[in-house]
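Novice: A single structure is presented below for examination.
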Amino acid sequence: MHFGRKKLAKPLENKDARPALDVQSVIREARYTFVRGLGWAGVMSGFINVLQLTVPLFMLQVHDRVINSQSTDTLILLLVIAIAAIILFGILDFLRALVFQEMAKSLLRRVNLPAISAAMRVALEKGSLHGTQVLRDLSDLRNFINGSTIGAPLEALWSPIFLLVMFALHPYYGIAGLVAVLILIGFSLLGDLLVRQVTKEGTDANLRNIGDIGATVSNAEAIEAMGMMPALAMRWRREQIHASELLDVGNMRSKGMYSMTRTVRFGMQIVILAMGAYLVIIGETTPGAMIGGTVIMGRLLLPFDNVTRDWRAWVGAISAWKRIRSMLEETQSEREIKPTPRSEGPLLVDNLVYAVPGSNVPVLRGVSFELFPGEILGVVGPSAAGKSTLSRLLVGAAKPTSGGVYLNGHNAYLWERGSFGDMVGYLPQSVSLLNGTIRDNISRMRDSNPRKVINAARAAGVHEMIGRLPLGYDTPIGAGRHTLSGGQQQRIALARALYGWPRLLVLDEPNANLDAEGEASLIRAVRQAADSGAMVVLIAHRQSIMQYAHKLLVMQDGRVKQFGERTDIIRNMSNEGDGIKNIPVIAHKQESGGAA
Ligand SMILES: Nc1ncnc2c1ncn2[C@@H]1O[C@H](COP(=O)(O)OP(=O)(O)OP(=O)(O)O)[C@@H](O)[C@H]1O
């Protein structure tokens, strides 16, 4: 028995190939955008803070200068200055909001596409719900930056200005202000210590729960039919309670700290007023300074209140960013960005090993074979032999752990996706059509050439069926739209695979939902593709289709049990005797005497 090893074509290196995306530079740029935005907003916050002194200083000046001098000219001058300062405050406040908005836009512009590609890759490996989390994180991050909570720490950074003014009014004011600030910083740090971890755990638990519910919703029919809802509801409830309890603890601690900081702020304002009154009595300061000092104390401490109140939003945003960043890093693509010319073959699978990421038990254990243009390869074997995993690796949807799949010597996994996709037709075991029209789906969501769409539909034997639908090729399908039967979906997915006459056609259980007419169309399509020089890989449990295969690959436990010309393999299997029991497809063929 040979596995085609002797004929293996040497893999080529594409010298022009570059990594598709430098994740580290995306992360660096995103961080730079964030820090630069915060820098600008911070500078503006400084001016805004200074301008916030307008009201207390105006009070102080009116009290000390206007009342004493009885001068309306001074009053008018002060009024004009104060109004100008307040208008400037309004303008800067608005500009700062624009800076935040621009920062959110520019951050998302940089991260959006890499994050969505990362989400796709994570979805391939860990399921769609892990993938969609990153989209939620991006949206949370944008809301945070555009929201009202991001500015509080920036304002707190400028507290030294208020402290200086307080020291200028009287050293005792300054000292009281400093003590109050230190107490509030202590509360903020304590709050962070008490809130951060528990909030993170609660959020993670909540996300897990949402993920579980999302996964379950897609199985709603089975759940309803088998009355699984009460048991599932109990599980969710337990998980929900656990997550809510953690989040409630974080919330309660955060609110507790906020109440304490407010108490300290109000208390300190009373202390400073009393102290001011005492300083006025002993002639150390003026009544204007007393009122101004009290108001400035309020302004000084307010951002610390806000930091304590809004810290959870910062914790949430930081966690969201960390998740986005680690997903980008984990899924850094080594794929090329330059299109590679269309290839006619051969297809070489060279000592292919695949273990699911995070597991060290390989699903494929050194699979090798070669396929030439115009050949149809039937892949058979018992359940869990690794057939679908092999098909995913053939089309570059999963990364080999070692070894590789090469088309005309070029690595299928690394191949730039657009040009690779033009050459490949893939029908996965679980057919999933996308939201859009039938035309969109067949044309792979591209601006379609109507003739190519109709050709693909005809080849899949589905043109007449589409013609019978009220909107024909423009019928919207996908979630919540026109519902197609399992067989209809499979045939439209076959038309999608055939679109543009690919050079490599990988069909995983393509006849699973087909009736006799559908299967006849499928066989016609497969033979037509092979006659036009395509390489076809067919995975099927139903044996009828295998009689058209030129070669057979028999898999077992992730290994190649046999590979070769179909007639040779069937002869070998019947000679081995016990092998026939293990390979039902072949066994059935032999028994029925049909295939060879
Ligand atoms: N993402 C994954 N995570 C964990 N295990 C996986 C994953 N994908 C495949 N496997 C494991 O790999 C083995 C082979 O699965 P695969 O779907 O390739 O088998 P198969 O031969 O196509 O089976 P069937 O004929 O039943 O479709 C199975 O044991 C399966 O549990």
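Novice: Which of (1) within 16 Å of the ligand (Cβ to nearest atom); (2) out of contact with any Ser or Thr (no Cβ under 9 Å at 6 or more places or on another chain); (3) farther than 25 Å from SER544 by Cα is the odd one out, the single condition SER402 does not satisfy?
Specialist: (1)
Novice: May I ask you to list the residues in region 335-369 that are within 13 Å of the ligand (Cβ to nearest atom), under 28 Å from the mean Cα position of the chain (by Cα) and surrounded by fewer than 19 Cβ atoms within 10 Å (Cβ to Cβ)?
Specialist: VAL353, ALA355, VAL356, PRO357, GLY358, SER359, ASN360, VAL361
Novice: Testing VAL271 on (1) within 17 Å of GLY177 (Cα to Cα); (2) loosely packed, with under 15 Cβ neighbours inside 10 Å, one condition comes back false. Which one is that?
Specialist: With respect to (1) within 17 Å of GLY177 (Cα to Cα); (2) loosely packed, with under 15 Cβ neighbours inside 10 Å, VAL271 is out only on (2).
Novice: May I pose another question? Yes or no: VAL315 within 16 Å of the ligand (Cβ to nearest atom) and not in a loop (DSSP other than H, G, I, E, B)?
Specialist: Against the criterion (within 16 Å of the ligand (Cβ to nearest atom) and not in a loop (DSSP other than H, G, I, E, B)), VAL315 does not qualify.
Residues checked against (1) of a type outside the set (Gly, Ala, Ser); (2) surrounded by fewer than 22 Cβ atoms within 10 Å (Cβ to Cβ); (3) at pLDDT 90 or above:
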{"site": "GLY480", "(1), (2), (3)": "no, yes, no"}
{"site": "LEU494", "(1), (2), (3)": "yes, no, yes"}
{"site": "ARG503", "(1), (2), (3)": "yes, no, yes"}
{"site": "VAL526", "(1), (2), (3)": "yes, no, yes"}
{"site": "VAL537", "(1), (2), (3)": "yes, no, yes"}
{"site": "MET546", "(1), (2), (3)": "yes, no, no"}
{"site": "VAL554", "(1), (2), (3)": "yes, no, yes"}
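Novice: How many residues are of a type in the set (A, V, I, L, M) and surrounded by fewer than 16 Cβ atoms within 10 Å (Cβ to Cβ) if we restrict to region 186-212?
Specialist: 3
Novice: Then there is this: Does region 445-493 hold any residues that are free of Cβ contacts under 8 Å to residues at least 24 places away in the same chain, among the aliphatic types (A, V, I, L, M) and closer than 22 Å to LEU514 by Cα, and which are they?
Specialist: Hit for region 445-493 is ILE454, nothing else.
Residues checked against (1) modelled with pLDDT of 85 or more; (2) surrounded by fewer than 16 Cβ atoms within 10 Å (Cβ to Cβ):
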residue	(1), (2)
GLN240	yes, no
LEU246	yes, no
GLY250	yes, no
PHE266	yes, yes
GLY276	yes, no
ILE282	yes, yes
ARG309	no, no
ILE318	yes, yes
SER326	no, yes
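Novice: Examine region 50-59 for a residue that is assigned to a helix (DSSP H, G or I), of a type in the set (S, T, N, Q), in the same structural domain as ILE161 (by TED's automatic domain parsing) and in contact (Cβ under 8 Å) with a residue 12 or more places away in the chain, and state whether such a residue exists.
Specialist: Yes, the conditions are met somewhere in region 50-59.
Novice: For GLY267, state whether it is more than 39 Å from the chain's Cα centre (by Cα), away from the ligand (no atom under 16 Å from the Cβ), without any contact (Cβ under 8 Å) to a residue 60 or more places away in the chain and farther than 30 Å from ASN68 by Cα.
Specialist: yes
Novice: So, one more: Here is a list: LEU75, LEU79, LEU92. Which entry is more than 38 Å from the chain's Cα centre (by Cα), buried (at least 16 other Cβ atoms within 10 Å of the Cβ) and in a helix (DSSP H, G or I)?
Specialist: After ruling out the rest, the residue left standing is LEU75.
Novice: Filter region 530-551 for residues that are in a helix (DSSP H, G or I) and either within 16 Å of the ligand (Cβ to nearest atom) or farther than 21 Å from ASP515 by Cβ (or both) and give the result.
Specialist: Across region 530-551, the qualifying residues are ALA530, ASP531, GLN543, ILE545, MET546.
Novice: Moving to a separate point now. Which ones in region 287-301 are touching a residue at least 40 places away in the same chain (Cβ under 8 Å) and among the aliphatic types (A, V, I, L, M)?
Specialist: Within region 287-301, ALA289, ILE291, VAL295, ILE296, MET297, LEU300, LEU301 meet the criteria.
Novice: May I ask you to verify whether ALA205 is more than 30 Å from the chain's Cα centre (by Cα) and among the aliphatic types (A, V, I, L, M)?
Specialist: no
Novice: Pick from ALA152, ALA119: which is modelled with pLDDT under 85 and closer than 30 Å to ILE213 by Cα?
Specialist: That would be ALA119, the only listed residue that is modelled with pLDDT under 85 and closer than 30 Å to ILE213 by Cα.
Novice: How many residues does region 449-462 hold that are modelled with pLDDT of 90 or more and over 36 Å from the mean Cα position of the chain (by Cα)?
Specialist: 1
Novice: Could you give me the residue pairs with C-beta distances under 9 Å whose first residue belongs to region 371-387 and is under 16 Å from ALA540 (Cβ atoms), whose second residue is within 16 Å of the ligand (Cβ to nearest atom) and aromatic (Phe, Trp, Tyr) wherever it lies, and which are 6+ apart or on separate chains?
Specialist: If the second residue must be within 16 Å of the ligand (Cβ to nearest atom) and aromatic (Phe, Trp, Tyr), the pairs left are LEU377/PHE369; LEU377/PHE563; GLY386/TYR354.
Novice: Looking at region 432-462 only, could you name the residues that are part of a helix (DSSP H, G or I) and acidic (Asp, Glu)?
Specialist: Correct list: ASP440 only.
Novice: Let me ask something else. Of LEU433, LEU407, LEU394, which residue is closer than 19 Å to ALA493 by Cα and modelled with pLDDT of 85 or more?
Specialist: Result of the check over LEU433, LEU407, LEU394: LEU394.
Novice: Could you check how many residues of region 252-264 are hydroxyl-bearing (Ser, Thr, Tyr) and exposed (fewer than 14 other Cβ atoms within 10 Å of the Cβ)?
Specialist: 2
Novice: Mind counting the residues in region 370-391 that are more than 15 Å from the ligand (Cβ to nearest atom), touching a Gly at 6+ places or on another chain (Cβ under 8 Å) and within 16 Å of MET546 (Cβ to Cβ)?
Specialist: So the count comes out to 1.
Novice: Next question. Which residues, taken from region 449-478, are crowded, with 19+ Cβ neighbours inside 10 Å and of a type in the set (Ser, Thr, Tyr)?
Specialist: TYR473
Novice: Out of (1) at pLDDT below 90; (2) within 22 Å of LEU98 (Cβ to Cβ), what's the single condition that is false for VAL43?
Specialist: Looking at each condition in turn, VAL43 falls short on (1).
The values are calculated or read from the model by the stated rules, or taken from the named source; none is laboratory data. Small disclaimer: the values here were computed from a predicted structure and weren't measured. Backbone-built Cβ (ideal geometry, glycine too); neighbour counts: all protein chains shown.
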